[in-house]
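Have a look at the structure below, then the notes.
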Amino acid sequence: MQAKKRYLFVVILAVLLFIVYFGSKSDRKHGEVTLSLQKREFPTYMESEAVDLSSPRRRRESVTSDFKSGKCRMDTCFDFSRCVRGFKVYVYPVLERVSESYSKIISTIQESKYYTTNPDEACIFILSIDTLDRDILSVNYAKNIMPKIAHLGALWNNGRNHIVFNLFSGTWPDYSEVLDFDTGEAIMARASISESRFRPNFDISLPLVGSTLPPKGGERGYMYTSINNIPPLRHYLLGFKGKRYLTGVGSETRNSLYHMHNGDDIVLLTTCRHGKFWQKKAKELNDTRCDIDNREFDRYDYKKLLYNATFCLVPRGRRLGSFRFLEALQAGCIPVLLSNGWELPFGEVIDWKKAAVWADERLLFQVPSIVHGLSQPEIFAMRQQTQFLWEAYFSSMDKIINTVLEIVKDRVKSYFSRNSVHWNNFPGALSLLPEYSDVLHTYPSFYRQFAYKSDNQFTAVVYATSPVLLSSAPLFRLIRTVAKSTFVQKIVVIWNCDTPPPPSYQWPADLGIPILVKTKILRSVSARFYPYEEIETDAVFNLDEDSLLTTDELNFAFKVWKEFPERIVGYPARNHFWDEAKNAWSYTSKWLNEYSMVLTSGAIYNRYYNFLYFNTLRPAAYHIVERLQNCEDILMNFIVSDVTKLPPIKVTHRKVSKETMLPGKAVTDPNYYQTRFKQRQGCVASLTEIFGYMPLVRSRSRMDPVLWKDPVSNLRKKYRQLEVI
Amino acid sequence: FNEVLEAISDSPYYTNNPETACLFAPSFDVLNQNNVRTKALGKLYSLLQWWNDGANHLIFNMLPGELPNYKTTLEVDTGKAMIAGGGFSTWTYRRGFDVSIPVYNPFLENAYLQPKSNLESRKWLLVSAQVGLHSEYKEVMFEVAASEKRFLIMDKCTEGKNWDFKKRCQGTVEYTYPDILQDSKFCMVLRSAHLGHTALSDALRTGCIPVIVADGYVLPFSEVLDWKRAAVVIREENLKDVVEVLKSYSMERIYQMRRQARFFWENYFHSIKAITETTLQIINDRVFPYVAKKYEEWNEIPNPKAVWNPMFLPLIPPSSQGFTAVVLTFNRPESLFQVISKLSLVQSLSKIVVIWNNQAKPPPPMTAWPLIPKPLKIIQTQKNKLSNRFFPYHEIQTECILAIDDDITMLTSDELEFGYQVWREFPDRLVGFPSRVHLYGNESNKFKYESEWKNNISMVLTGAAFHHKYYSYLYTYNMPGHIRQWVDDNMNCEDIAMNFLISNVTGKGPIKVTPRKKFKCPECTNSEMLSSDTLHMVERSECVNNFVRAYRSMPLKGVEFRADPVLYKDDVPNVVKMYTEVGSL
């Protein structure tokens, strides 16, 4: 059948080209022909420009029609025109029960910012039919899948622009990779896919995940709670614990592991105990090792082995991928892959060489010498990389699915897509939106890596909500203070007030810097974070109109920010705590020895975070702020700590109470502040839920000027305004 | 083809003994399929002594296919041989097996190009200088060019019989090729008969960013080179949007891609030899993946100022580990014992390691040492070297090391405990107490070492400082130049060396904890101190200047802040504060 098809295609192509060839010859000059005679004069291997005779359009058409299903590529099996209006993802209505894992996938997509309920504007389609497990012996096997797909009607369109997820294919005894239904032109996101079946830059290789993988958040990398030391060696050099199949597909590799097991630094344990009849089977096969293996197997605890081994063997199972892979990654145990021909998870974007060791199944006994050959700094770096990759792309279902979506989006919008540096360096591609910038060094996390010197200036963004009545109004006073800073480049006033701003002549003049008043703004507390084009500096100083800061305080904060360009640097700090009564995270404004947030009513941070705030991958978080018109600063702290995994930085400021009550802010309701505070406590809890974990991190230190409050003359000090209280 | 063979035999992988060879290169010239009788060659191959159906053979072919349909791979029966081919399509390329190579342009082998700076402005946005393009492409391009006058489309010049490869014309205007490419930001590389085209190499060479329009083309060396850094790939259908796409790139990005294009050219494309060597390197990396060249080595243009922090993960070490205090001592048991007793009161201390650097006198008997509730380990060194302080002894089991002199008795437990907590938040930095700063003397053109009363700091002294054990490893095994030797010979400046080392690998400044203290003997009279102090400062300045020479730059970074406890000097009762004994002189 295949051969016939191929033959037919060759014939058609030949006929087609003949027609084209003769057709084009008649209406063309014979320039090309003379050229091809002259080319013999060239003394080198190369002839001059070869002549293109076939029409590119027709070639494209024939390629598109010929390279289907098994030979799909984005060019031939994907309709890019559907994505012109943006990258939107549609999920078919869920009509029947799906497995736990698949429902996690669906809910992740429904919470995504790319989600749409309108199939007409969708670029990508996701089935509501559970295709994860196609092992007919499995409980999650969905029956009658073909008629269901046929039932999808015109939208299915032979799978075009669909992503079909699959974890298991085939069954005992041959575990075929061929699925039992026709996926047509759909992009297959599959686990255990082989290099030969994988359609490069079209399919996506998934890791094998269990149903215990949480929908969000996920287990932290083991190193975050353990040790990252040199020498980076753990108790065991190499570890493995898993099933042994005795016979059949993929059994050879695991069957020979015991040769390397020495019970000392190499601990490779297998067991025959699985399935009901293992003993019978062992006897039939005359496998005498089972008893010895089982005894060794029971001596070691799997988790302990995982956490105490420097390298972990990941041999193929029945299928190419194995659960051991992600387990090793989480444990910071560098995977040693023994699975020839396996297309590694997200291999299109992840550079696994930085985190794993490829070994050859055929050369099993080289493994010890290979891992011995790695230097200590190499192992040190690889182990950190396992942790980075685990937390960035694998620790929860939403990360895996978002990674799939971002990979496809990068293909669709290839001109503004991420390169390997985005994907393989902390904080990872999901935190680095390619729409922000086409150069890497503008992302704060890459400043040092690319020797980028951030601007020596900041833009002050002042959020104003009250009418200005006097020239001594707090807003004008603040503007004058800010303008005195040598580092300010521009002041942007966000005018979120019902009365119009004062006429331009009333504003402070002769400041030497431009003041920009934004009146057409988003009517929301989030407006203070809007990524205005006019903000040209790397640093944004976000201020309230009634901030009582001195120029020295601003300057000092800016200097501190220069050393921590990826964090928020601010003055008043807040903390989060676990509220036992509510069984949830909560918020406190007490003066404590620790803090995990700084308020953005006076905070300096990279302008990238403004962009991230409005383009976050978690739209639900933004909606909370919009609904309450509160907690925008808490969300900002969540967003930044989610990227950096670090606390903000608090700097010194004079503790002064706000002496003036602004007219617009005068609140008569005594319960107002209490309600707002309660809301904020609730925000911390609900944001934690949306993020899937608590991203905030606590700090115990505050940054003060080097000579602050030291018993030396104030004249020696640079930030003198900070000395007076 | 001779050059290919020459390059192979010049490469470190070459052997003349077929018995030990891993890879065989048949000596038939098949660079251009047009010069080859395909059937005969297939037979010829099978006659090779070691052929074995092509296994472990490598065949170089730049121009596959022939009239009329130009297949994208060599139409010769090559069995299991690897093909290093120019112009693979994604359907003929066997991933992880074949190597996609560029099509070398021999016409420009000796062409001279005016050297141009990467930052120079270029007149044209986009040029197309390929000849013999299909009319469909041309139509689209002319349409685009009609609304963009910085888009130059050229073809071969019509006058004269023999067309000159180095001439291109737009109407009657004549341009020199490839010089004209140097005047354009982007260069069109359209699909022609072959998928691979010399226009790509020519563009890279001239720092003209290639705009590749050839669906399904497997870019040269794409297994290791990240083309997103150096080229724009546009689908044939989107050719009409080309100008719009190109205009959306920032100037910064254009400079970067230009540099990258030239980097690719200079390292992997510029000669047949380079192409051959790159191919062999790729195959070598496949066979030995664990010693393979890394992504950065292939793609990153070396930048001495760039920093690759070895502790790139933002880990906050769990406080349960605590820290190991490493005390270097020579002959001062009384104050040493005092230090040990004080240290033992610090909550997070996990162990004290005393480095006994005196070979003449053994350490006092165990009974003489203070009795402390924490483990104490004494290491007798072989030689009195300052570097011993930074040796990564296996007795040190925590990540965090507190290096402390045997006379630092003035730090309180609160201060040390707080210092450790600060280190946990900044584990990739040096976190310490007394600070110093370097200044650049404009007149002397030298750096000067300063100690007192400055508003900024760039070093903390390792007489009392926390650092990650990884830096002890780097100090001992990976310090540039002969700094370690120099420090041991001169018995000075090991702390400056540590500051240089850490700032150099992290690009970050140190962190000073808590306010200034009086550190050295308060009872010493001032006049005596003065002279020895000045001498001391001169020596230290010498060190700084020496190390700058060894690093070929000044890695130290100045900062203007120190870390204090959150509530330090705040107007709250002491009971609320976690660290009260902080900052008294």
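The values are calculated or read from the model by the stated rules, or taken from the named source; none is laboratory data. What you see is a predicted model; the values in this text were computed from it and never measured. Neighbour counts are summed over all protein chains in view; Cβ atoms, including those assigned to glycine, are modelled from backbone coordinates with ideal geometry. Note: accessible area is taken over every heavy atom of the protein model, side chains too, but ligands, DNA and RNA are not part of it. Shrake-Rupley method; radii C 1.70, N 1.55, O 1.52, S 1.80 Å.
Just the number: Rg to Rh for the stretch A:685-725, Cα atoms, Kirkwood Rh, two decimals. Before the final figure, lay out the partial values.
Numbers: Rg = 18.7 Å, Rh = 13.6 Å.
In the stretch A:685-725, Rg relative to Rh is 1.38.
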* Roughly how many Å² is the accessible area per residue of the stretch B:536-585, as a whole number, for a 1.4 Å probe? -> 49 Å²
* Structure fact -> Taking a probe of 1.4 Å and leaving out DNA, RNA and ligands, the stretch B:365-440 shows per residue an accessible area in Å² of 37 Å²
* **Cα-based convex hull, chain A, per residue volume (Å³, whole number)** => 270 Å³
* FRET efficiency for B:Arg94 and A:Asn157, using Cβ-Cβ distance with R0 set to 41 Å, rounded to 0.05 -> 0.85
* Asked: What is the Cα radius of gyration of the stretch B:37-124 over 2.2 N^0.38 Å, N being its residue count?
  -> 1.49
* To do: Using only the Cα atoms of the protein assembly as shown, each taken as one equal point scatterer with no solvent, compute I(q) by the Debye sum, divide by I(0), and report log10 of the ratio at q = 0.06 Å⁻¹.
  => -0.63
* Asked: Convex hull over the Cα atoms of the stretch A:348-401, averaged projected area in nm²?
  -> 4.7 nm²
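If you take the square roots of the eigenvalues of the alpha-carbon gyration tensor of the stretch B:96-222 and sort them as a ≥ b ≥ c, do you get rounded (a/c under 1.5), prolate (a/b over b/c) or oblate?
Values: a/c = 1.34, a/b = 1.22, b/c = 1.10.
Cα axes put the stretch B:96-222 in the rounded bin.
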* **Heavy-atom accessible surface of the protein assembly as shown: percent carbon and sulfur, 1.4 Å** => 53 percent
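Average projected area of the Cα convex hull of the stretch A:584-640, in nm²? Mind showing how you got there, number by number?
Details: hull surface 19.5 nm².
Over all viewing directions, the stretch A:584-640 projects a mean Cα-hull area of 4.9 nm².
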* Provide, as a two-decimal number, the C-alpha radius of gyration of the stretch B:361-401 over 2.2 N^0.38 Å, N being how many residues it has. => 1.36
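Say a site is exposed when it is one of the trypsin sites (Lys or Arg not before Pro), sits in a DSSP loop, and has at most 11 other Cβ atoms within 10 Å; what is then the longest site-free stretch of chain B?
Working: sites that count: B:Arg37, B:Lys149, B:Lys161, B:Lys383, B:Lys518, B:Arg552.
Of all site-free stretches, the longest is B:162-382.
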* Asked: Straight-line reach from B:Lys149: which lysines have Cα under 20 Å away, leaving out those fewer than 8 places along the same chain?
  -> B:Lys123, B:Lys138, B:Lys185, B:Lys240, B:Lys247
* To do: Report the FRET efficiency, 1/(1 + (r/R0)^6), for A:Leu628 and B:Asp489, where r is their Cβ-Cβ distance and R0 is 60 Å, rounded to 0.05.
  => 0.35
* At least 30 Å² accessible surface lost relative to isolated chain, residues of the stretch B:459-504 (1.4 Å probe) -> B:Lys469, B:Tyr470, B:Tyr473
* Can you give the helix-only mean residue ellipticity at 222 nm for chain B, where every DSSP H stretch with n ≥ 4 adds -39500 (n - 2.57) and the sum goes over all residues, rounded to the nearest 500 deg cm²/dmol? -> -8500 deg cm²/dmol
* Averaged over all directions, how much area does the convex hull of the C-alpha atoms of the stretch B:411-570 cover when projected, in nm²? -> 10.5 nm²
* Asked: Pulled fully out, how much extra length does the chain show between B:Ser121 and B:Lys167, if you take 0.36 nm times their separation in residues and subtract their Cα-Cα distance?
  -> 14.3 nm
* Structure fact -> Quick P(r) readout (the stretch A:406-513; Cα-Cα; 5 Å bins; whole %) gives 2, 10, 16, 14, 10, 9, 10, 11, 10, 7, 2, 0
* Rg to Rh for the stretch A:255-367: what is it, with Cα atoms only and Rh by Kirkwood? -> 0.98
* Asked: Given a 1.4 Å probe, how much area per residue of the stretch A:441-586 is accessible, in Å²?
  -> 40 Å²
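Show me the ranking of peptides B:101-108, B:297-304 by mean Cβ neighbours inside 10 Å, starting with the highest.
My ranking of the peptides, most packed first, is B:101-108, B:297-304.
Under 8 Å for C-alpha pairs, at least 6 residues apart: give me the relative contact order for the stretch B:57-179, rounded to a whole percent.
15 percent.
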* Hey, if you drop one equal point scatterer on each alpha-carbon of the stretch A:127-191 and run the Debye formula without solvent, what base-10 log of I(q)/I(0) do you get at q = 0.11, 0.12, 0.20, 0.26 Å⁻¹? -> -0.24, -0.28, -0.77, -1.22
* **Spacing of the two label points (7 Å from each Cα toward its C-beta) at A:Ile521 and A:Met260, in nm** => 6.1 nm
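Before anything else, pin down the relative contact order of chain A: Cα pairs under 8 Å, at least 6 apart, normalised by residue count, whole percent.
Details: 1181 pairs, mean separation 65.3, N = 725.
Relative contact order here is 9 percent.
How many Å³ per residue does the convex hull of the Cα positions in the stretch B:1-160 occupy?
Numbers: hull volume 32.8 nm³, N = 160.
In the stretch B:1-160, the Cα convex hull volume per residue is 205 Å³.
If the stretch A:314-381 were replaced by its equivalent ellipsoid, with semi-axes equal to the square roots of 5 times the Cα gyration tensor eigenvalues, what would those be, largest first, whole Å?
After diagonalising the Cα gyration tensor, the semi-axes are 18, 16, 11 Å.
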* Asked: Just in the stretch B:408-458: which GluC sites (Glu not before Pro) are loop by DSSP and have at most 14 other Cβ atoms within 10 Å?
  -> B:Glu443, B:Glu452
* Return the subset of A:Lys562/B:Lys305; A:Lys243/A:Lys399; A:Lys490/B:Lys508 for which the Cα-Cα distance in this structure is over 24 Å, preserving the input order. => A:Lys243/A:Lys399; A:Lys490/B:Lys508
* Anchor A:Lys68: lysines whose Cα lies under 19 Å away (excluding residues fewer than 8 positions away in-chain) -> A:Lys4, A:Lys5, B:Lys71
* **Inter-site label distance for B:Gln397 and B:Lys71 at 7 Å from Cα along Cβ, in nm** => 6.6 nm
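State the dimensionless ratio Rg/Rh of chain B (Rg: radius of gyration of Cα atoms; Rh: Kirkwood radius).
Values: Rg = 33.3 Å, Rh = 29.3 Å.
Rg/Rh: 1.14.
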* Violating pairs (Cα-Cα greater than 26 angstrom) within the set A:Lys650/B:Lys448; B:Lys228/B:Lys557; A:Lys590/A:Lys709 -> A:Lys650/B:Lys448; B:Lys228/B:Lys557
* To do: Take every DSSP beta bridge with both residues inside the stretch B:103-215 and express the antiparallel ones as a percent of the total, to the nearest 5.
  => 30 percent
* Take the Cβ-Cβ distance between A:Ser375 and B:Lys247 as r, set R0 to 45 Å, and report the resulting FRET efficiency rounded to the nearest 0.05. => 0.45
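Note the per residue figure in Å³ for the convex hull of the C-alpha positions in the stretch B:300-357. Before the final figure, lay out each step's value.
Working: hull volume 8.3 nm³, N = 58.
About 143 Å³ per residue, rounded to a whole number.
On a full-extension model of 0.36 nm per residue, what is the gain between A:Thr212 and A:Lys303, subtracting their alpha-carbon distance, rounded to one decimal in nm? Walk me through the numbers on the way to the answer.
Values: separation 91, 0.36 × 91 = 32.76 nm, distance 1.58 nm.
Between A:Thr212 and A:Lys303, full extension yields an extra 31.2 nm.
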* To do: Can you pull the one-decimal nm distance between simple spin-label points at A:Lys281 and A:Asp360, each 7 Å off the Cα toward Cβ?
  => 3.0 nm
* Structure fact -> For the pair B and A, the solvent-accessible area buried on both sides (1.4 Å probe; DNA, RNA and ligands excluded), in Å² to the nearest hundred, is 10200 Å²
* To do: Starting from the Cα of A:Tyr672, move 7 Å in the Cα-to-Cβ direction to define the label point; list residues of the stretch A:542-571 whose amide nitrogen is under 17 Å from there.
  => A:545-547
* Span per principal axis, largest first, for the Cα atoms of the stretch A:572-725 (Å) -> 53, 40, 34
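Pull out a ≥ b ≥ c, the square roots of the eigenvalues of the alpha-carbon gyration tensor of the stretch A:201-270, then state rounded if a/c is under 1.5, prolate if not and a/b is larger than b/c, and oblate in the remaining case. Before the final figure, lay out the partial values.
Numbers: a/c = 2.21, a/b = 1.08, b/c = 2.05.
Here the stretch A:201-270 falls in the oblate category.
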* Structure fact -> Taking 0.36 nm per residue of separation between A:His274 and A:Arg220 and subtracting their Cα-Cα distance, the length gained on full extension comes to 16.4 nm
* Structure fact -> Contact order relative to length for chain B, counting C-alpha pairs under 8 Å separated by 6 or more residues, stands in percent at 9 percent
* Asked: Does the stretch B:190-246 come out rounded, prolate or oblate by the C-alpha gyration tensor, with a ≥ b ≥ c the root eigenvalues, rounded set by a/c under 1.5 and, if not, prolate when a/b is larger than b/c and oblate if not?
  -> rounded
* **Principal axis dimensions, the stretch B:308-415 - Cα atoms, whole angstrom, descending** => 44, 30, 22
* Asked: Any idea what the alpha-carbon Rg over 2.2 N^0.38 Å comes to for the stretch A:111-262?
  -> 1.36
